[in-house]
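**Q** Starting off with a structure, shown below.
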Amino acid sequence: MNKISRTWSLMSECWQILKQDKRILLFPLISGICCLLLLASFAIPLYATGAWHPPGRHSTPAQQVAYYAVLFVFYVCNYFIITFFNAAIIGWTALRLGGGRPTLALGLRMAAARLHLIIGWALVSATVGLIIRIIEDRSDKIGSFVAGLIGMAWTIISFFVVPVLVLENKGPIKALQESTSLLKRTWGEQLTSRFSFGLIFFLLTLPAVAVVALAFMAGGVTVGIIAIVPAVIYVIVLSLVQSALQAIFQTVLYMYAQSGQIPSGFDPDTLKGAWS
């Protein structure tokens, strides 16, 4: 409950920034569309050829190499898309917090100016993601447990990487080192997240699920199908807002960790207690 309360406060404070220009939601929208198109461009051919199954124990080395090579390319492209548009939001937010009046075009130009850094980070992220995937594929229970630990640690130490790429113009490895250093210097060696945007998003989607379920129960299949349309629209809008708020919060927390100054409109205790 404490995590839910803290996250809700953080989201409310970030919402005040988002309200100043709601067109910023176009960034996660375009990012989501591009990711779906990318997924379709990989999934449809793989499904049609039957090559979408992970290689088993009896697969040849060539089959394993081909499968994981395709997966790596997909990861690189996917991470690039997500990072690029997150970089645009982070650049926009930093300018807004600095007293400027940024535009969407300016946010995109800031991201485009770091294109080579974003590509480098996509390669690093894809490599880590592929290693985690291979560990999961090699062992069911133990592999998933180990991969979960690695994924959690990676999420924490890379939390500030994109803000460092955009605002400090550092390369992927130096950005990762800087991200780890900021976290350790500000919150200590042992870190535990005290916020969860994903948890709030999950709770906010429950009413849509409940409405659809009640529609099927009370009105049958026809009414249930009709109810799905507004529910899907609600979830999509909610996910766009959540994605934008999370990128804004990432920028705010980075600026606090970097300078020790609390951006205007944010509660000092909330930011200081974001990690423990």
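**Q** Got a sec? Which of I233, I226, I248 is exposed (fewer than 14 other Cβ atoms within 10 Å of the Cβ), of a type in the set (A, V, I, L, M) and within 24 Å of the chain's Cα centre (by Cα)?
**A** Testing whether each residue is exposed (fewer than 14 other Cβ atoms within 10 Å of the Cβ), of a type in the set (A, V, I, L, M) and within 24 Å of the chain's Cα centre (by Cα) leaves just I233.
**Q** Sort through S239, S276 and tell me the only one that's touching a residue at least 12 places away in the same chain (Cβ under 8 Å), surrounded by fewer than 18 Cβ atoms within 10 Å (Cβ to Cβ) and under 20 Å from the mean Cα position of the chain (by Cα).
**A** Being touching a residue at least 12 places away in the same chain (Cβ under 8 Å), surrounded by fewer than 18 Cβ atoms within 10 Å (Cβ to Cβ) and under 20 Å from the mean Cα position of the chain (by Cα) holds for just one of S239, S276, which is S239.
**Q** Restricting to region 16-34, give me the number of residues that are farther than 30 Å from F266 by Cα and either crowded, with 16+ Cβ neighbours inside 10 Å or touching a Lys or Arg at 6+ places or on another chain (Cβ under 6 Å) (or both).
**A** Going through region 16-34 one residue at a time, the tally reaches 1.
**Q** Among the residues of region 110-117, is any under 22 Å from D21 (Cα atoms) and free of Cβ contacts under 8 Å to residues at least 40 places away in the same chain?
**A** Looking for residues that are under 22 Å from D21 (Cα atoms) and free of Cβ contacts under 8 Å to residues at least 40 places away in the same chain, one finds at least one in region 110-117, hence yes.
**Q** Please indicate, with yes or no, whether at least one residue in region 179-191 is charged (D, E, K, R), farther than 24 Å from R133 by Cα, without any contact (Cβ under 8 Å) to a residue 12 or more places away in the chain and not in a helix (DSSP H, G or I).
**A** There is at least one residue in region 179-191 that is charged (D, E, K, R), farther than 24 Å from R133 by Cα, without any contact (Cβ under 8 Å) to a residue 12 or more places away in the chain and not in a helix (DSSP H, G or I).
**Q** Would you mention how many residues in region 132-147 are at pLDDT 85 or above and over 21 Å from G120 (Cβ atoms)?
**A** Of the residues in region 132-147, 2 are at pLDDT 85 or above and over 21 Å from G120 (Cβ atoms).
**Q** Identify, by number, the condition in (1) of a type outside the set (V, I, T); (2) out of contact with any Lys or Arg (no Cβ under 9 Å at 6 or more places or on another chain); (3) at pLDDT 95 or above that R57 doesn't meet.
**A** (3)
The values are calculated or read from the model by the stated rules, or taken from the named source; none is laboratory data. What you see is a predicted model, and the numbers here were worked out from it, not measured in a lab. Quick reminder, even Gly has a Cβ in these numbers, built from the backbone with ideal geometry, and neighbours come from all protein chains shown.
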